[in-house]
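Every read-out reported here was derived from the displayed coordinates using simple, explicitly stated rules and does not represent laboratory data. Here the structure is a predicted model, which means the values were calculated and not measured. Don't worry about glycine lacking a Cβ; one is built from the backbone with ideal geometry, like all the others, and counts go over all protein chains shown.
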Amino acid sequence: MSDGPVAKIIREKLSAALSPQRLEIEDDSWRHAGHHHEGGMDAQPGGETHFNLTVVSAAFEGQSRVLRQRTVNGLLRDELAGPIHALSIKALAPSEIVHSA
């Protein structure tokens, strides 16, 4: 779980638009420290540039995987144009969650 300023914006935007039952935001930037990126910038540890998201929302019921990805990317358009370099999205409908006994 991440609680930096970029993660907070992600949480606020996705919560407001999707009312998720579950929202996990993992800052994975530390694994990319030293990698060369467009514009000559390197990811810095804790730099909030690479994220893994898991979003479970009723808003995704009946939507294709592509449409779900587009929805999340659209909501985070400004962040993807700025501080976020990479975003891995796992977007699920509640009916797709496997409950174990």
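Side notes on the structure shown:
- A crude spin-label estimate for the pair ASP28 and VAL98, with each label 7 Å from Cα along the Cβ direction, gives 2.0 nm.
- Full extension of the chain segment joining ALA86 with LEU67 gains 5.0 nm, where the gain is 0.36 nm per residue of separation less the Cα-Cα distance.
- Here VAL98, VAL55 are placed in order of increasing Cβ neighbour count within 10 Å, fewest first, which gives VAL98, VAL55.
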